[in-house]
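These notes are about the structure you will find just below.
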Amino acid sequence: MGLNCFIILKDVTDGCESKDANRPECTEGDRMVPLRWCMLWLLLPLSSRTQKLPTRDEELFQMQIRDKAFFHDSSVIPDGAEISSYLFRDTPKRYFFVVEEDNTPLSVTVTPCDAPLEWKLSLQELPEEASGEGSGDPEPLDQQKQQIINEEGTELFSYKGNDVEYFISSSSPSGLYQLELLSTEKDTHFKVYATTTPESDQPYPDLPYDPRVDVTSLGRTTVTLAWKPSPTASVLKQPVQYCVVISREHNFKSLCAVEARLSADDAFMLAPKPGLDFSPFDFAHFGFAAESSAKERSLQPKPSPKLGRQAHSRPRADIQKVCIGNKNIFTVSDLKPDTQYYFDVFVANSESNRSTAYLGTFARTKEEARQKTVELKDGKVTDVFVKRKGAKFLRFAPVSSHQKVTFFVHSCLDAVQIQVRRDGKLLLSQNVEGIRQFQLRGKPKAKYLIRLKGNKKGASMLKILATTRPSKQSFPSLPEDRRIKAFDKLRTCTSVTVAWLGTQERNKFCIYKKEVDDNYNEDQKKREQNQCLGPDTRKKSEKVLCKYFHSQNLQKAVTTETIKGLQPGKSYLLDVYVTGHGGHSVKYQSKVVKTRKFC
């Protein structure tokens, strides 16, 4: 390429220095035109194919298209290479290429990225014959330039939209071809590919006869997709990979549109400046470094956001791209229930990275299983199981008018969150661990909705009672302190003495013992015990005794008990159960005691 440019420059320069009186001397501008076009050819991507786009006589071509106004902000399209470029809104951009021979195959592909494009392809004849007077002398250069500017050319194809669109002709006439692109919506990127050997190039992977993406399985959080393999891989055995794109916005027509949406920052849009044939942005795309280094740029003051074209930063779109190799089936997971998603599949050539889009699809994930609402009966205890991080709904509708409603909640394992709404209005939201009692003001014909939500640690078990007559409730009255106290000085090799608190109401208390290992610790005790399990779940051999007690003076509502018949140097787990009038039992906090080894 460089040698060709050198020959062109030499021929033109030799012509300018000729002493032939019939040939006018060249101006400085005449010498600069070939140089500018040689620089343009040198800046074309080095990755373009070795084949050359057919052209007319190079020197004649350079001498004819020197008008800067006509070729302002323009480029030459190389043959067989995909180029990426940039459009400012309402600022058209032109590309040119010359076909020398008639009946030449031609294919032009334009890929919009991130915004719809308006583009058209036209054929412009170049004047190269002698003047009409038949003198044999060429027309003056000014007349040739004016003729190019005035001729609009023949429009071959035009398109408006954001689809990847093609112009294909098996037999194209010779001439200068112009591709003009415009974005009226916003600044955007695009890609262009042109070739005169479309049959042998096969620049983009082929789609199968049925290019649809099918949804083969649909769940609440998963969707399985399948599509037919590309003939490029199955028939031509070329390396390809499939990329799946999941979006909650819409389907995408091209992979570059996806990449544009995935971009987290639009600051790079400030780089190109319309009105220049080349800018640091263009040089960077052609593989050349910009004039100023990154270090120099970092020292420059940041431009005011009010000046020039503003780059509005935007968050990452709700979109995901996953490349899965050559598999043609894929399951998308971690989706939200009852949500519509759009799915696209792109097949990309692994070597050139050029891609083709399948016909995308969309699907709505299934709804979460509707929670069954449990009806609470006035004064009756209900057992509830809540999954880890799950939720349960209960409903309480008193049959008679009431002044107050009392809720008793006994969380058997880990803490649980309770919310109570009356006729849609939130009245209560609390975390409950152990036993809690809530009393709410009533309202005639009111209906209460209770929501129980489990925690992240594990599943929750609880008992709940709702009543408008708290005096007849099934839960036993309990002291605030439900610990069992062991007296260390009263320990012997065969017995231990313990005490616990009672209430003003007479209740039945039962104490049980169980021998445990010496390494039995509090964490094991908390993990294994279920406070809602009553004494009926214990072995008869573990029962020590049952007794009733109460005291009107709460300071004297204390009972002690000596547990005998134990083994020296052994550890025992002690549990106290209190049973209310309704038969519901509540267990005090377990206590581990150890007898003396030597007495």
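How charged is the neighbourhood of Lys456? Take every other residue with its Cβ under 11 Å from the Cβ of Lys456, and add Lys/Arg as +1 and Asp/Glu as -1. Can you show the working numbers first?
Values: positive: Arg388, Lys389, Lys453, Lys457; negative: Asp414.
With Lys, Arg at +1 and Asp, Glu at -1, the net is +3.
Obtain the nm distance between the two label points defined at Arg370 and Arg451 by a simple spin-label model: each point lies 7 Å from its Cα along the Cα-to-C-beta direction.
Simple spin-label model gives 1.8 nm for this pair.
Leaving out ligands, DNA and RNA but keeping every protein chain, what accessible area does Leu533 have, in Å² rounded to the nearest 10, with a 1.4 Å probe?
My reading of the accessible area for Leu533 is about 80 Å².
Within segment 476-508, what residues put their amide N at less than 20 Å from the label point 7 Å along the Cα-to-Cβ vector of Glu433?
Residues passing the 20 Å test: 478-485.
Give the ranking of Lys366, Lys120 by solvent-accessible surface, highest area first, calculated with a 1.4 Å probe. Don't skip to the end; give the middle numbers.
Numbers: Lys366 110, Lys120 80 Å².
The most accessible residue leads, giving Lys366, Lys120.
Once the whole set of protein chains is in place, how much accessible area is left on Thr224, using a 1.4 Å probe, in Å² to the nearest 10?
20
In terms of solvent-accessible area of protein heavy atoms at a 1.4 angstrom probe, what is the ranking of Lys540, Lys377, highest value first? List each step's numbers first, then the result.
Values: Lys540 190, Lys377 135 Å².
Largest to smallest exposure gives the sequence Lys540, Lys377.
When only DSSP loop residues count, what trypsin sites (Lys or Arg not before Pro) in segment 164-269 have their Cβ near at most 15 other Cβ atoms within 10 Å?
Loop-located and lightly packed - Lys186, Arg220, Lys237, Arg248.
Sorted from largest down, what three extents in whole angstroms do the Cα atoms of segment 391-478 have along their principal axes?
40, 30, 16
Given a 1.4 Å probe and heavy atoms of the protein chains only, how would you sort Lys445, Lys457, largest accessible area at the top? Don't skip to the answer; put the middle values down first.
Values: Lys445 185, Lys457 165 Å².
Correct descending sequence by accessible area is Lys445, Lys457.
What number do you get for segment 477-599 when its Cα radius of gyration is normalised by 2.2 N^0.38 Å, N = residues? It would help to have the intermediate numbers written out before the result.
Values: Rg = 14.4 Å, N = 123, 2.2 N^0.38 = 13.7 Å.
Its radius of gyration relative to the 2.2 N^0.38 Å reference: 1.05.
What's log10 of I(q)/I(0) for segment 364-434 at q = 0.16, 0.18, 0.24, 0.26 Å⁻¹, Debye sum over Cα points only, no solvent?
-0.70, -0.87, -1.43, -1.58
Note down the accessible area of Thr560, probe 1.4 Å, to the nearest 10 Å².
Here the accessible area works out near 80 Å².
Using the Cβ atoms and a cut-off under 12 Å, what net charge is assigned to the surroundings of Ala257, where Lys and Arg are +1 and Asp and Glu are -1?
Numbers: positive: Lys191, Lys253, Arg261, Lys321; negative: Asp114, Asp163, Glu249, Glu259, Asp344.
So the surrounding residues net to -1.
May I ask you to give the average projected area over all directions of the convex hull of the Cα atoms of segment 332-484, in nm² rounded to one decimal? Provide the component values of the computation, followed by the final result.
On the way: hull surface 58.0 nm².
Projected over every direction and averaged, the Cα hull of segment 332-484 covers 14.5 nm².
With each label point set 7 Å from Cα along the Cα-Cβ vector, what nm distance links Ala459 and Tyr159?
Each label point lies 7 Å from its Cα, and together they span 5.8 nm.
Which residues' amide hydrogens lie under 5 Å from the amide hydrogen of Lys443, considering only partners 5 or more residues apart or on another chain, with H built in the peptide plane?
Result for Lys443 returns His402.
Can you list residues whose amide H is under 5 Å from Arg220's amide H, if they're 5+ apart or on another chain and H is modeled 1.01 Å from N?
Placed amide hydrogens put Lys366 under 5 Å from Arg220.
Can you give the translational diffusion coefficient of segment 148-220 in µm²/s, computed by Stokes-Einstein from the Kirkwood radius over Cα pairs at 25 °C and 0.890 mPa s?
Answer, rounded: 146 µm²/s.
What is the diffusion coefficient of segment 208-269 in µm²/s, taking the Kirkwood radius over Cα pairs and the Stokes-Einstein relation at 20 °C with a viscosity of 1.002 mPa s? Mind showing how you got there, number by number?
On the way: Rh = 14.5 Å.
So the translational diffusion coefficient is about 148 µm²/s.
Asp423 versus Lys489, label points 7 Å from Cα toward the beta carbon: distance in nm?
6.2
Place a point 7 Å from Cα of Thr562 in the direction of its Cβ. Which residues in segment 485-517 have their backbone N less than 16 Å from it?
486-499
Ordered by residue, what ³J(HN,Hα) values in Hz, to whole numbers, does segment 577-587 give under the Karplus form 6.51 cos²θ - 1.76 cosθ + 1.60, where θ = phi - 60° and Gly and Pro are x?
Residue by residue, segment 577-587 yields 10, 10, 10, x, 5, x, x, 7, 10, 10, 9 Hz.
The values are calculated or read from the model by the stated rules, or taken from the named source; none is laboratory data. This structure is a prediction, so every number in the text was calculated from the model and none was measured. Note that we place each Cβ from the backbone using ideal geometry, even for glycine, and neighbour counts take in every protein chain shown. Accessible surface is based on the protein model in full, side chains and every heavy atom, while ligands, DNA and RNA are left aside. Shrake-Rupley method; radii C 1.70, N 1.55, O 1.52, S 1.80 Å.
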